[in-house]
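The values are calculated or read from the model by the stated rules, or taken from the named source; none is laboratory data. This is a predicted model, so every value here is computed, not measured. Note: ideal-geometry Cβ built from the backbone for every residue, glycine included; neighbour counts use all protein chains shown. In case anyone asks, the SASA skips ligands and DNA or RNA and just uses the protein heavy atoms, side chains included. Shrake-Rupley method; radii C 1.70, N 1.55, O 1.52, S 1.80 Å.
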There are 2 protein chains.
Amino acid sequence: MTVIVPAAGGMAWELSAGTRLRVVDVEGGQTGDVFAVAADDLSDGQSNGRSFDYGGTVRLTTGSVLYSRRSRPLLRIVADEVGVHDFLYAPCSQEMYEIGYGATGPRPNCFDNLTTSLGAFGVPAATVTIAFNVFMRADVAPDGRLTIRPPTVTAGQGVTFQAERDLVVAVTACPAATCNDGKLLPLGVDIDPQ
Amino acid sequence: MTVIVPAAGGMAWELSAGTRLRVVDVEGGQTGDVFAVAADDLSDGQSNGRSFDYGGTVRLTTGSVLYSRRSRPLLRIVADEVGVHDFLYAPCSQEMYEIGYGATGPRPNCFDNLTTSLGAFGVPAATVTIAFNVFMRADVAPDGRLTIRPPTVTAGQGVTFQAERDLVVAVTACPAATCNDGKLLPLGVDIDPQ
């Protein structure tokens with residue numbers, strides 16, 4: 001199954017263990033958020049702190065596992081043509097646009113897109129803490145300072161995840177201009193049951 | 001009020017906005033976990049991703065704010081004699097000792113100490129995602145690899161937080177030998193209503 005996540009939108013699916021989900025940058029230079037939750041405990045969402053601990057790195061790529069808050073493997077990265085992703089930033093939200101950019105009116109945002117799409121499967125909004133930001137480029141300086149850079153991903157490149165257990169997974173196409181070099185584009189998602 | 005958090009233990013308190021909480025390393029070389037939740041929404045716990053975003057750094061020290069999942073300021077660091085803390089690692093847990101160190105029996109751990117002490121105030125365990133690891137030294141290499149080093153904190157040094165709203169806050173004395181250079185020691189906590 002191939003679907004298009006529209007620019008500034010989000011979608012979610014139930015994935016059986018073993019299913020592969022590939023996120024493809026259709027036009028180039030577009031980032032997105034991925035959030036996975038265990039189907040048997042909808043409060044057991046992905047955790048950057050657990051994934052950093054067990055993987056020994058803040059940079060996840062082929063072979064890396066996204067672990068849950070309860071230390072259960074959720075998604076494994078099985079192919080990655082990009083190798084540049086972020087797991088440090090929380091998903092953009094209405095509050096983020098207000099605090100970080102002075103927005104005064106409603107803005108499409110990944111947090112609402114994740115919670116709305118996951119909510120249709122019963123996932124509480126409070127489970128959505130930290131997203132895996134595919135193709136997002138955030139440099140960490142030696143003193144810890146963070147800088148968001150334009151993404152390096154080009155049209156047709158992607159990253160492929162395998163479900164390590166039954167999951168609910170959401171994917172957004174991020175509307176943050178800072179992360180996308182000013183553009184708002186769709187992302188492609190291929191779902192391939194094994 | 002001055003209390004001692006026993007070695008490998010944890011305690012929690014309700015703090016009114018403006019209250020200061022100081023964590024002191026009594027004997028030297030001991031790390032701990034701090035977890036704060038908004039009193040008016042016990043699902044709105046601290047978020048490393050929000051704090052990294054608004055602070056522009058993964059290294060929090062004097063002046064830094066610990067933000068919640070909903071982007072609300074919870075704690076502000078108002079004094080810091082150490083300047084070395086970690087906000088990348090999830091709290092140690094029974095599963096962490098099993099996966100990371102091959103533990104076969106029950107181990108005291110920060111996650112259980114946080115959830116038990118916070119649970120007495122009604123905080124759900126699912127709220128406890130990522131701790132602020134005071135005095136923990138985790139280096140991030142340029143390629144993203146993480147290395148836990150012995151702490152630099154010496155006896156009598158501490159870090160002081162101010163509650164930015166009404167909170168429930170827990171503090172543990174971490175039992176992970178890796179983070180504490182093999183020792184298990186208590187921590188002191190001073191709570192000073194303004």
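Using just its DSSP H runs of length 4 or more, each adding -39500 (n - 2.57), chain A gives a mean residue ellipticity at 222 nm of -3500 deg cm²/dmol after division by all residues.
Using a Gaussian network model of chain A with C-alpha springs under 10 Å, which one of A:Gly49, A:Gly29, A:Gly182 is most mobile by mean-square fluctuation? Ranking A:Gly49, A:Gly29, A:Gly182 by mean-square fluctuation puts A:Gly182 first.
Taking a Cβ cut-off of under 13 Å around A:Asn180, the surrounding Lys, Arg, Asp and Glu residues balance to a net charge of -2, with basic ones at +1 and acidic ones at -1.
Surface composition of segment B:101-194: carbon plus sulfur atoms hold 52% of the accessible area, using a 1.4 angstrom probe and ignoring ligands, DNA and RNA. Remark: label point of B:Asp192 defined 7 Å out from Cα along the Cα-Cβ vector; separations to the same position in other copies 6.1 nm, ascending. Each residue of segment A:152-167 was assigned a 3J(HN,Hα) from its phi angle through the Karplus expression (A = 6.51, B = -1.76, C = 1.60, θ = phi - 60°), giving 9, 5, 10, 3, x, 6, x, 9, 10, 10, 10, 6, 8, 6, 5, 9 Hz with x at Gly and Pro. Across chain B, the mean sequence separation of Cα contacts (distance under 8 Å, 6 or more residues apart), normalised by length, yields a relative contact order of 45 percent.
Peptide B:38-46 has a mean shielding of 1, counted as Cβ atoms of other protein chains within 10 Å of each residue's Cβ. Summary for B:Gly100: label point 7 Å along Cα→Cβ; distances to the equivalent points in the other copies, ascending, 2.7 nm.
Compute the accessible area per residue over segment B:38-100, keeping the other protein chains in place, probe 1.4 Å, unit Å².
Ligands and nucleic acids excluded, the result is 29 Å² per residue.
Taken as Cα centroids, segment B:171-194 and segment A:75-133 sit 33 Å apart, rounded to the nearest whole angstrom.
Converting phi to 3J(HN,Hα) with the Karplus coefficients 6.51, -1.76 and 1.60 and the offset θ = phi - 60°, segment B:98-104 yields 6, 6, x, 10, x, 4, 10 Hz in sequence order, with x at every glycine or proline. Across peptide A:86-96, the mean count of Cβ atoms from other chains lying within 10 Å of each residue's own Cβ comes to 5.
Residues whose amide H lies under 5 Å from that of B:Asp44, counting only those 5 or more places away or on a different chain, are B:Ala38; hydrogens are built 1.01 Å from N in the peptide plane. Each copy carries a label point for A:Gly83 at 7 Å from Cα toward Cβ; from one copy, the others' points are 3.5 nm away, ordered from shortest.
Interface between chains B and A: roughly 2700 Å² of accessible area buried, both sides summed (probe 1.4 Å, protein heavy atoms only). Would segment B:119-158 count as rounded, prolate or oblate if I go by the C-alpha gyration tensor, calling it rounded below 1.5 in a/c and otherwise prolate when a/b exceeds b/c, oblate otherwise? Cα axes put segment B:119-158 in the oblate bin.
All other residues whose Cβ lies under 9 angstrom from that of A:Asp190 are scored, Lys and Arg at +1 and Asp and Glu at -1, for a net of +1. Label-to-label distance for A:Val26 and A:Thr178 is 2.7 nm, based on points extended 7 Å past Cα in the beta-carbon direction. Which Cα, out of A:Ser64, A:Gln94, A:Tyr54, lies furthest along the positive dipole direction of segment A:38-94 (beta carbon charges, K/R +1, D/E -1)? So the residue we want is A:Tyr54. Per-residue 3J(HN,Hα) values for segment A:83-97, derived from phi via the Karplus relation 6.51 cos²θ - 1.76 cosθ + 1.60 with θ = phi - 60°, read x, 10, 9, 10, 10, 9, 8, 5, x, 4, 9, 3, 5, 5, 5 Hz in sequence order (x marks Gly and Pro). Extending 7 Å from Cα along the Cβ direction at B:Asp192 and again at A:Glu98 yields two label points whose distance is 3.3 nm.
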